[in-house]
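K.L.:
Below is a structure I'd like to ask you about.
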Amino acid sequence: MARTLFDKIWDDHVVERLPDGTCILYIDRHLLHEVTSPQAFEGLRMSGRRLRRPDATVAVVDHNVPTSDRSLPIEEPESRLQIETLEKNVAEFGVPYFRLRSKDQGIVHVVGPEQGISLPGMTIVCGDSHTSTHGAMGALAFGIGTSEVEHVMATQTLLQKPARNMRITVSGQVGPGVTAKDIMLAIIGKIGTAGGTGHVMEFAGDAIRALDMAGRMTLCNMSIEAGARAGLIAPDETTFAYIEGRRFAPKGDDFEKACAYWRTLATDDDAVFDTEVTLDAASIQPSLTWGTSPEDVIGIDGVVPDPAGFSDPARARQVQRMLDYMGLEAGQKIAGTRIDVAFIGSCTNSRIEDLRSAAAIARGRHVAPGVRAMVVPGSGHVKAAAEAEGLDRIFVEAGFEWREAGCSMCLGMNPDRLTAGQRCASTSNRNFEGRQGPGGRTHLCSPAMAAAAAVSGCFVDVREMV
Amino acid sequence: MDRFTTLTAVAAPMPAENIDTDQIIPARFLKTIQRSGLGKNAFAAQRYNDDGSENPDFVLNREPYRHAEILVTLDNFGCGSSREHAPWALLDFGIRCVIAPSFADIFFNNCFKNGILPIRLPREICEALMEDAALGSNARLTVDLQAQCIHRPDGSSVAFEVDGFRKHMLIEGLDDIGQTLQHETAIAGFERKRALEESWRPNIVMEDAS
Ligand code: SF4
């Protein structure tokens, strides 16, 4: 029977099918970070169980780490405790660990692919919803809760029921200045934050095939924002070229064998999806969000919606509430809206390709007066690569802060936070109320759009700047 | 996980609807690195005054309810966040069974994962059990999971429903992990076959592993 990419990965990992249809699903990679692992390690210790596969597990610290000077101790006691606890746990259970002060450290979803830990055809889990990022490799990757983290630690499996298949086809080619972030915002804008519920979402079509791995990761990263359990892109030559030579990837003969297997994974031509969505790439604009949900998307030439335009009174009230929170007027043009902060970073957009596209805008320009602009590379390796290319100098000369790797201002859990009322052009993935700090106002956009806003002092059409 | 067979215990009445996970364990206690130890902050907002002293009016601060192992409450208990801190806090306080007309879905599932028995019963029955609970230590309830019934102090009993698989897990003291480990042979077999047929699959070994 014709199968999808998801079906094939699933079938290859079923250890046993239980009578009620639940499957014991084998997990190839378990990624740990400091926030969601401590109780799972504690559970393991309390029940006297061992960590089944330290050699399939890897840990890194990212959420709590300051992105300023790494030689200083961590000030916030709770953050420090979570980090120290992870360090104790990985030592006790023998888990491979990327230390805070090593070049390998970074955001878990940047580090996995970069190190060749996340590979096509794998099942990959982490106690973090944006684990969907790794789906760009052609892997089934999803976030899990703390009980499940412990379950994977002890058994290297999860109890799961299969998801439904969804395909999003983006056909044609995007116009200049339009990035993977804009494609994904357009998709979420179209299907909504519940559009993918219960589904694993495969991205297909010419516009997707044309994306580099960084762009594919941006797309899959935000599939969770569209409600999907996971995002997937079939592995192809772009994927294999990205993987070859990475630290933990198979080498030599093994690499050839792996590629031969990975080539069999693509969805069969006659496979049937439960849900199909299509978009025309040419119609996608450089986009951003105006509200406090990732589905509140408009093109840069668009206007903020008017609550009066909604027939459903509950939706109208909700829109009004979002406008109040965001400090926006109904009907105002989004272009020209002043910003206070530009944040370029997060597991959505902190790879070298993202920094290049922001630097192309920043080069020879300067951050507008009164704007704080920060660039936070996704990992120590991204930082080093950027410095080798001279991107750091472009940013610093343009008045951007050049920081150490971490989650930073993606969420208000470390010292990088918005203050109440501040408006931010952010390359992250969630614009929920207070996500970047209590009272902060987040507009999600691409790295180029964020850089353009930083140097202009307000949102502008990036196409006018290239 | 501790087995759940028969529980004879003091029941605390909480006659309120929509007791959410934030009431069960306020968000500020979530930055913890442990799942044990949350009990002292269970229901913190109602249980303690601003100066940290106990609020004598709150049911769990009164004898004999300090030792309650059963809660009887009203609709939609456990609504709010999906985090597991709520059942962890109840369990750490000593609660093994919650009886209510309805529960929030995720909380309901999380209870079973942590050895707590949530029981759904019609509102009139919950109210009657609350009257029993109000009698304090003279009026313990006995929850017999095997027989699926609750024995009331007056000698009468009330039957309840529970999913067969989950009942089995609680009675055997199996958490999901314990259950899965019963399939250890299949898991090990899967790993052996893999190692043999797909030896290209890399493991993560660090030269300078911590
Ligand atoms: S960068 Fe943001 S979304 Fe990504 S893992 Fe860190 S906190 Fe989560």
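The values are calculated or read from the model by the stated rules, or taken from the named source; none is laboratory data. Fair warning: this is a prediction, and the values are worked out from it, not measured in the lab. Glycine gets a Cβ as well: all are built from the backbone with ideal geometry, and neighbour counts include every protein chain shown. When the accessible area is computed, the model is the full protein with side chains, heavy atoms only, and any ligands, DNA or RNA have been set aside. Shrake-Rupley method; radii C 1.70, N 1.55, O 1.52, S 1.80 Å.
K.L.:
For the range A:137-180: of the residues being more than 10 Å from every other protein chain (Cβ to nearest Cβ) and under 23 Å from A:ARG50 (Cβ atoms), which is least open to solvent (accessible area, probe 1.4 Å)?
P.N.:
By that ranking, first place goes to A:VAL149.
K.L.:
Something else about it: Would you tally the residues in the range A:341-389 being of a type outside the set (Val, Ile, Thr) and assigned to a loop (DSSP other than H, G, I, E, B)?
P.N.:
The number of residues fulfilling the criteria is 15.
K.L.:
Now a separate question. Out of B:ARG66, B:ARG3, B:ARG35, I need the residue that is in contact with an Asp or Glu (Cβ under 8 Å, 6 or more places away or on another chain) and farther than 22 Å from B:HIS168 by Cα. Which one?
P.N.:
Among B:ARG66, B:ARG3, B:ARG35, only B:ARG35 is in contact with an Asp or Glu (Cβ under 8 Å, 6 or more places away or on another chain) and farther than 22 Å from B:HIS168 by Cα.
K.L.:
Write out, first by first residue and then by second, each pair whose Cβ atoms fall under 6 Å of each other, whose residues are 6+ apart or on separate chains, and whose first residue, in the range A:121-133, is closer than 20 Å to A:MET184 by Cβ while the second is open to solvent by 10 Å² or more (accessible area, probe 1.4 Å) and of a type in the set (Val, Ile, Thr).
P.N.:
Partner pairs satisfying both residue conditions: A:SER129/A:ILE224; A:SER132/A:ILE224.
K.L.:
Criterion first (more than 24 Å from A:ALA266 (Cα to Cα), surrounded by fewer than 22 Cβ atoms within 10 Å (Cβ to Cβ) and not assigned by the TED database to the domain that holds A:GLY138) does A:GLY198 satisfy it?
P.N.:
Answer is no for this residue.
K.L.:
Next question, about the same structure. Quick check, is A:SER379 more than 14 Å from chain B (Cβ to nearest Cβ) and either within 16 Å of the ligand (Cβ to nearest atom) or aromatic (Phe, Trp, Tyr) (or both)?
P.N.:
Answer is yes for this residue.
K.L.:
Further, regarding this structure: Go through (1) in a helix (DSSP H, G or I); (2) among the charged types (D, E, K, R); (3) within 14 Å of chain A (Cβ to nearest Cβ) and name the single condition B:ARG201 misses.
P.N.:
(1)
K.L.:
With (1) in a loop (DSSP other than H, G, I, E, B); (2) surrounded by 15 or more Cβ atoms within 10 Å (Cβ to Cβ); (3) at the interface with chain A (Cβ under 8 Å from one of its Cβ atoms) as the list, and B:ILE177 as the residue in question, which single condition is left unmet?
P.N.:
Unmet condition: (1).
K.L.:
Between A:LEU328, A:LEU265, which is within 14 Å of chain B (Cβ to nearest Cβ), away from the ligand (no atom under 16 Å from the Cβ) and open to solvent by less than 50 Å² (accessible area, probe 1.4 Å)?
P.N.:
Result: A:LEU265 is the single residue among A:LEU328, A:LEU265 that is within 14 Å of chain B (Cβ to nearest Cβ), away from the ligand (no atom under 16 Å from the Cβ) and open to solvent by less than 50 Å² (accessible area, probe 1.4 Å).
K.L.:
Which residue out of A:ASP62, A:ASP55 is acidic (Asp, Glu) and facing chain B (nearest Cβ under 10 Å)?
P.N.:
Of the residues listed, the single one that is acidic (Asp, Glu) and facing chain B (nearest Cβ under 10 Å) is A:ASP55.
K.L.:
What number of residues within the range A:399-409 are within 16 Å of the ligand (Cβ to nearest atom) and part of a loop (DSSP other than H, G, I, E, B)?
P.N.:
Residues flagged as within 16 Å of the ligand (Cβ to nearest atom) and part of a loop (DSSP other than H, G, I, E, B) within the range A:399-409 amount to 5.
K.L.:
Let me ask something else. What are the residues in the range A:21-35 that are more than 10 Å from chain B (Cβ to nearest Cβ) and open to solvent by 10 Å² or more (accessible area, probe 1.4 Å), if any?
P.N.:
Correct list: A:GLY21 only.
K.L.:
Next up: Give the range B:19-39 a look and list any residue that's open to solvent by 30 Å² or more (accessible area, probe 1.4 Å), away from chain A (no Cβ under 14 Å) and touching a Phe, Trp or Tyr at 6+ places or on another chain (Cβ under 8 Å), or say none.
P.N.:
Hit for the range B:19-39 is B:GLN23, nothing else.
K.L.:
Can you tell me which of A:GLY412, A:GLY345 is touching a residue at least 60 places away in the same chain (Cβ under 8 Å) and within 16 Å of the ligand (Cβ to nearest atom)?
P.N.:
Being touching a residue at least 60 places away in the same chain (Cβ under 8 Å) and within 16 Å of the ligand (Cβ to nearest atom) holds for just one of A:GLY412, A:GLY345, which is A:GLY345.
K.L.:
Would you mind stating whether A:GLY106 is within 16 Å of the ligand (Cβ to nearest atom) and more than 8 Å from chain B (Cβ to nearest Cβ)?
P.N.:
Yes; evaluated as a whole, the condition is true for this residue.
K.L.:
Among the residues of the range B:120-140, is there at least one that is among the hydroxyl-bearing types (Ser, Thr, Tyr) and surrounded by fewer than 20 Cβ atoms within 10 Å (Cβ to Cβ)?
P.N.:
yes
K.L.:
Between a first residue in the range A:144-170 that is of a type in the set (Lys, Arg) and a second residue that is outside any loop (DSSP other than H, G, I, E, B) and surrounded by fewer than 22 Cβ atoms within 10 Å (Cβ to Cβ), which pairs have beta carbons less than 6 Å apart while being 6 or more apart in sequence or on different chains?
P.N.:
A:ARG167/A:ALA204; A:ARG167/A:GLU276
K.L.:
Ok, one more. Can you name the residue in the range A:432-447 that is more than 14 Å from the ligand (Cβ to nearest atom), open to solvent by 30 Å² or more (accessible area, probe 1.4 Å) and modelled with pLDDT under 95 and, of all such residues, is nearest to the other protein chains (Cβ to nearest Cβ)?
P.N.:
Within the range A:432-447, the match that is nearest to the other protein chains (Cβ to nearest Cβ) is A:PRO438.
K.L.:
A further question follows. Do the conditions hold for A:ARG45, that is, is it more than 16 Å from the ligand (Cβ to nearest atom), basic (Lys, Arg) and closer than 23 Å to B:GLY37 by Cα?
P.N.:
Criteria met by A:ARG45.
K.L.:
Scan the range A:284-306 for residues that are without any contact (Cβ under 8 Å) to a residue 60 or more places away in the chain and either within 30 Å of A:PHE6 (Cα to Cα) or not hydrophobic (A, V, I, L, M, F, W, C) (or both) and jot them down.
P.N.:
A:GLY299, A:GLY302, A:PRO305, A:ASP306, listed by residue number.
K.L.:
Given the conditions (1) within 14 Å of chain A (Cβ to nearest Cβ); (2) modelled with pLDDT under 95, and given that B:GLU184 satisfies all but one, which numbered condition is not satisfied?
P.N.:
Going through the list (1) within 14 Å of chain A (Cβ to nearest Cβ); (2) modelled with pLDDT under 95, B:GLU184 breaks only (2).
K.L.:
Sticking with this one: Got at least one residue in the range B:190-202 being at pLDDT 95 or above, open to solvent by less than 30 Å² (accessible area, probe 1.4 Å) and touching a strand residue (DSSP E or B) at 6+ places or on another chain (Cβ under 7 Å)?
P.N.:
No, because not a single residue in the range B:190-202 is at pLDDT 95 or above, open to solvent by less than 30 Å² (accessible area, probe 1.4 Å) and touching a strand residue (DSSP E or B) at 6+ places or on another chain (Cβ under 7 Å).
K.L.:
Here's something else I'd like to know. Out of (1) within 16 Å of the ligand (Cβ to nearest atom); (2) under 30 Å from A:VAL200 (Cβ atoms), the odd one out for A:LEU25 is which?
P.N.:
If we test A:LEU25 against (1) within 16 Å of the ligand (Cβ to nearest atom); (2) under 30 Å from A:VAL200 (Cβ atoms), just (1) comes out false.
K.L.:
Further question: Could you run through the range B:149-174 and say how many residues are surrounded by fewer than 13 Cβ atoms within 10 Å (Cβ to Cβ) and within 11 Å of another protein chain (Cβ to nearest Cβ)?
P.N.:
2
K.L.:
Report, by residue number, each residue of the range A:114-134 that is within 12 Å of A:ILE233 (Cβ to Cβ) and within 14 Å of the ligand (Cβ to nearest atom).
P.N.:
Matches in the range A:114-134: A:SER132, A:THR133, A:HIS134.
K.L.:
For the range B:155-186, what are the residues that are of a type in the set (D, E, K, R) and without any contact (Cβ under 8 Å) to a residue 12 or more places away in the chain?
P.N.:
B:ASP163, B:GLU184
K.L.:
A further question on this structure: Just for the range A:415-431: of the residues that are assigned to a loop (DSSP other than H, G, I, E, B) and among the small types (Gly, Ala, Ser), which one is farthest from the ligand (Cβ to nearest atom)?
P.N.:
Residue satisfying both the conditions and the ranking: A:GLY421.
K.L.:
Continuing with this model, one more query. Is there any pair with a first residue in the range A:197-212 that is hydrophobic (A, V, I, L, M, F, W, C) and a second that is loosely packed, with under 15 Cβ neighbours inside 10 Å whose Cβ atoms are under 7 Å apart and which are 6 or more apart or on different chains, and what are they?
P.N.:
Pairs found: A:ALA207/A:SER171; A:ALA207/A:GLN173; A:ALA210/A:GLN173.
K.L.:
Checking the condition open to solvent by 50 Å² or more (accessible area, probe 1.4 Å) and among the hydrophobic types (A, V, I, L, M, F, W, C), which residue from A:ALA282, A:ALA271, A:ALA249, A:ALA258 passes?
P.N.:
Of the residues listed, the single one that is open to solvent by 50 Å² or more (accessible area, probe 1.4 Å) and among the hydrophobic types (A, V, I, L, M, F, W, C) is A:ALA282.
K.L.:
Quickly run through the range B:69-102 and pick out the residues that are open to solvent by 20 Å² or more (accessible area, probe 1.4 Å), out of contact with any Asp or Glu (no Cβ under 7 Å at 6 or more places or on another chain) and away from chain A (no Cβ under 14 Å).
P.N.:
Result: B:GLU69, B:PHE93.
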